[in-house]
Amino acid sequence: MKIFSVIWSWSFFKNCLIIGLIGVVLVALLIWWANKAAIEAGEGKLYDDVAKMPAEDGKKRVALVFGCSEKIGSRDNLYFKYRIEAAAELWKAGNIRGFIVSGDNGAENYNEPEDMKQALIKKGVPAEKIVCDYAGFRTLDSVVRLKEVFDVTEVVFVTQKFHNERAAYLAEKEGIDFIGLNAQAVSGNAAKKTNTREYLARVKMLLDTLVSKSPKFLGDKEELGF
């Protein structure tokens, strides 16, 4: 009986090990696939320099700036700072007709779009050329609402490159004609954590599109006014 018990225990352990290894391989493949899909979506359409962006054929695009918190505790959030600086450069270049600033306004004392709007105004962008999307809770929400709520199908995404790649994949799925301006990258420990989380965000990106995930809040159509 002891022999049979040992054999059964080993067999059970071996099966669990095999299942576990298969699971690890499948997760690794999913992460690889999601990462590859995002990178390929952005290839040839994302730019680090405003001067190298393609000239538009008469019709100017709308720029979508993705939101994040302006501060991390008492410190400036460099992701926010660099996105605003990139957006201001884009405006000064004269090849967009206005901005949608899209972010989270899920709490009364937290308003990413309004913070971005005020920061852009300080950089010289006229207030009437900025529209706030208060329901950009996730990248998917911002991209889908861009088309479904604001009727925009030609856009310049403004955010860091890793984020632009994910937005590019979502835009392709929505049939949106896009290019992107990459804001300056952030370095340091905070950036390492963000880059690690990005792998999981890309997996979620892939799964969301496979199941046709909808935004948390879609709402009615809105006029841009520019």
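None of the figures in this text is laboratory data; all of them are computed from the coordinates on show. Bear in mind the structure is a predicted one, so any value in this text is a computation, not a measurement. Cβ atoms come from the backbone with ideal geometry, glycine included; neighbour counts cover every protein chain shown.
Spin-label model, Lys92 to Ser214: label points 7 Å out along the Cα-to-beta-carbon direction sit 4.3 nm apart. Shown for Val203, Val25, Val155: other C-beta atoms within 10 Å of each C-beta, ranked fewest to most, produce the order Val25, Val203, Val155. By the beta-carbon count within 10 Å of each Cβ, the least crowded to most crowded order of Arg97, Arg197, Arg83, fewest first, is Arg197, Arg97, Arg83. Inter-part distance, the range 42-115 to the range 139-212, computed on C-alpha centroids, equals 12 Å.
Computed from backbone phi, the HN-Hα couplings of the range 195-204 come to 5, 5, 5, 4, 4, 5, 5, 6, 5, 5 Hz, rounded to whole numbers (Karplus: 6.51 cos²θ - 1.76 cosθ + 1.60, θ = phi - 60°; Gly and Pro given as x). Among the listed pairs Lys14/Lys204; Lys14/Lys193; Lys52/Lys204; Lys173/Lys221; Lys81/Lys129; Lys92/Lys193, give every one whose C-alpha distance is greater than 23 Å. As for pairs spanning more than 23 Å Cα to Cα, those are Lys14/Lys204; Lys14/Lys193; Lys52/Lys204; Lys92/Lys193.
Find how much the distance from Glu108 to Glu43 grows on full extension, using 0.36 nm per residue of separation minus their present alpha carbon separation; answer in nm with one decimal. Roughly 19.6 nm would be gained on extension.
With neighbour counts taken as other beta-carbon atoms within 10 Å, the residues Ser102, Ser74, Ser69 rank, fewest first, as Ser74, Ser69, Ser102.
Computed from label points 7 Å out along Cα-Cβ, the spacing between Glu148 and Lys123 is 2.9 nm. DSSP beta bridges confined to the chain are antiparallel in about 15 percent of cases. Bridges between two residues of the range 62-173, per DSSP, are antiparallel at a rate of about 25%. Helix-only arithmetic for the chain: the sum of -39500 (n - 2.57) across DSSP H runs with n ≥ 4, divided by the residue total, places the mean residue ellipticity at 222 nm at -17000 deg cm²/dmol. The GluC sites (Glu not before Pro) found in the range 106-152 that occupy coil by DSSP, while having at most 12 further C-beta atoms within 10 Å, are Glu108. Between Leu17 and Thr196, what is the FRET efficiency for a Förster distance of 30 Å, r being their Cβ-Cβ separation, to the nearest 0.05? For Leu17 and Thr196, the calculated efficiency is 0.65. Normalising the Debye intensity of the chain to I(0), with uniform scatterers on Cα atoms only, and taking log10 at q = 0.09, 0.11, 0.13, 0.18 Å⁻¹ returns -0.41, -0.57, -0.75, -1.39.
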